[in-house]
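Laboratory data are not the source of any read-out in this text; all were calculated from the coordinates shown. Everything quoted here is computed from the prediction, not taken from an experiment. Note that each Cβ is placed from the backbone with ideal geometry, even for glycine, and that neighbours are counted across all protein chains shown.
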Amino acid sequence: MKSPSHILLSPRITEKGAYLSEHGAYVFNVSSQANKMEIAQAVKAIYKVVPRKVTVARVPGKNRMTRGTNRTGKSAGGKKAYVYLKAGEKIELI
């Protein structure tokens, strides 16, 4: 079994995430091999709250140019999870 800290990599701090957190949903960067059940168990273990729903989305890597040499590369993609909590429950991220 994977460790919860290897499943939930970090909270995803964005404007959209801040708006969603006011409405009981939180966004996390997660391991690309993690599934919804593992993410729900990791949230329960780390933050001591039971998620109502978990949805997962893939984040594609983007093509980038280097500054000095004008060579192309690709930034890493990943996976993010939206964790929905019951009304009245909160997660303190900061």
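Before moving on, here are some points about what is shown:
- Summing Cβ point charges (Lys, Arg +1; Asp, Glu -1) relative to the Cα centre of region 10-50 gives a dipole of roughly 100 debye.
- Amide H contacts under 5 Å for K79, placed H, 5+ residues apart: V30, V59
- Each of I91, I39, I13 was scored by other Cβ atoms within 10 Å of its Cβ. Arranged with the fewest first, they read I13, I91, I39.
- Simple rule: put +1 on each Lys or Arg Cβ and -1 on each Asp or Glu Cβ in the chain, find the dipole, and look at V56, S32, A76; the Cα lying farthest toward the positive end is A76.
- Nearest 10 degrees, 0 to 90: helix 36-47 Cα axis against the chain principal axis: 70 degrees
- Using only side-chain charges placed at the Cβ, +1 for Lys and Arg and -1 for Asp and Glu, the dipole size of the chain relative to its Cα centre rounds to 420 debye.
- Of the trypsin sites (Lys or Arg not before Pro) found in the chain, the ones in coil according to DSSP and having at most 13 other Cβ atoms within 10 Å of their Cβ are K2, K48, K62, R67, R71, K86, K90.
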